[in-house]
Amino acid sequence: MECDACGRLVRKLSGHGPATELTLEYDDWNQLKTVVTKDRLGIATTHFEYDAFGRRIRKLNGSYASTDFLWDGMRLVQETYHDRQGEEALTYLYESNSYVPLARIDQGKAAANDADVRDAVYYFHNDVSGLPEELTDAGGELVWQARYKVWGNAVQEEWGTHVAQRLTPTWGVAQGAARTSAHVPRPQNLRFQGQYLDRETGLHYNTFRFYDPDIGRFINPDPIGLLGGLNFYQYAPNPVGWIDPFGLASYDPGVYDVHFEARLPKDMYRLTDAEHFSEGNRQLHYAIKNDPALASALEARYPGIVCECNSNDIQFMGTTKSRSDDWIIPVDKSM
């Protein structure tokens, strides 16, 4: 592996399996723009294009194929593959407020032979970290499956007509009946949350950076510097429990988000719990009244909380009313 003066990977020689050499070039914004791949089959060039927000919107494979990417905010919602035979669109559905994929809808040439499967729907089966392990069709038949190393490198992968039978966790003992589905889906490229496998290079596109599963780290320094942590190349301390969908800073998705935090003045430390909760309610009421964004976020998560906080009969100081026991619950959730 070779890096340039900016710490970016510019050359990689892979020795396991067929020998492959990657040569990487970056643009003025430190975005990967070109990868030249050399192997026993020859030389191939892949180009990448980005929008003003830094999201990748197109991948060009020489002069014969391209893939366009459509985004909803910072989540990839659709990719459209173009080649000489036509085009095919893959639309992704995710868990609410998450990057864990739930389903994929295939539309286009591969499903056009049969009107019943023209829009083929497939369902993701993920591990605890949100990494897809299996893809099944509407009938529950297995159409794709993969087994990974701990840092997301696929060591075995099968899809389409090659997945004739469901495999046991020991990987190799067949169970069940053969598939009969007419539609052969395109390869499944989603990996860790927020990551997309580029099969041309073996790298994972991770929104603002590229991740190399062979070494379990990013190929260039963190764009936000020390704000992302002391290690500029680290993906996560633990890939099983932590995620980094933007390629900027990893976090544990199991930790609660803090929407609002009430702070007690020192002169209230010795007061009762009821008085502490009452002061917390008063501060939350003030915050919701003066911060529309906070009010909208809390109302979406806890319907009715804004109405409760605007009630005229709420006592902000002193002993809380009996009805406030129910009202305090969402305050605790938001703290």
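Only the coordinates and a few stated rules stand behind these numbers; no lab work does. Note that the coordinates shown come from a computational prediction; the quantities given were computed from them, not determined experimentally. No Cβ is skipped: glycine too gets one built from the backbone with ideal geometry, and neighbour counts run over all protein chains shown.
Observations on the model:
- Spin-label pair Cys3/Glu200, simplified geometry with 7 Å Cα→Cβ offset, distance in nm: 2.6 nm
- Cut-off 13 Å between beta-carbons: net charge of the residues surrounding Gln156, Lys and Arg +1, Asp and Glu -1: -2
- The aspartates and glutamates within cross-link reach of Lys33, meaning a Cα-to-Cα straight distance under 12 Å and a gap of 8 or more places when in the same chain, are Glu25, Glu49.
- Rg/Rh, computed from the Cα trace of the range 13-93 with Rh as the Kirkwood radius, has the value 1.02.
- Virtual spin-label span in nm between Glu157 and Val240, 7 Å along Cα→Cβ: 2.4 nm
- Neighbourhood charge, 15 Å Cβ-Cβ cut-off, centred on Asp222 and excluding it, Lys, Arg +1 and Asp, Glu -1: +1
- Arg56, Arg40 arranged by Cβ crowding within 10 Å, fewest neighbours leading: Arg40, Arg56
- Peptides 273-280, 1-8, 78-85 ordered by packing proxy, namely the average of other Cβ atoms within 10 Å per residue, highest first: 273-280, 78-85, 1-8.
- Distance from the range 23-78 to the range 241-306 (C-alpha centre basis), Å: 40 Å
- Computed lengthening from Ala249 to Asp83, 0.36 nm per intervening residue step minus Cα-Cα distance: 56.2 nm
- Other-chain or far-sequence residues with amide H under 5 Å of Tyr26's (modelled H): Lys33
- Between Leu13 and Asp119, full extension at 0.36 nm per residue minus the direct alpha carbon distance yields a gain of 34.1 nm.
- Taking packing as the residue-averaged number of other Cβ atoms within 10 angstrom, the listed peptides 142-149, 223-230, 28-35 run from highest to lowest as 142-149, 28-35, 223-230.
- Potential lengthening between Arg217 and Arg263 on full extension [0.36 nm per residue; Cα-Cα distance subtracted]: 12.7 nm
- Computed from backbone phi with θ = phi - 60° and the Karplus coefficients 6.51, -1.76 and 1.60, the 3J(HN,Hα) list for the range 23-39 is 10, 10, 10, 10, 8, 5, 9, 6, 8, 5, 10, 8, 10, 9, 10, 10, 8 Hz; x is used for glycine and proline.
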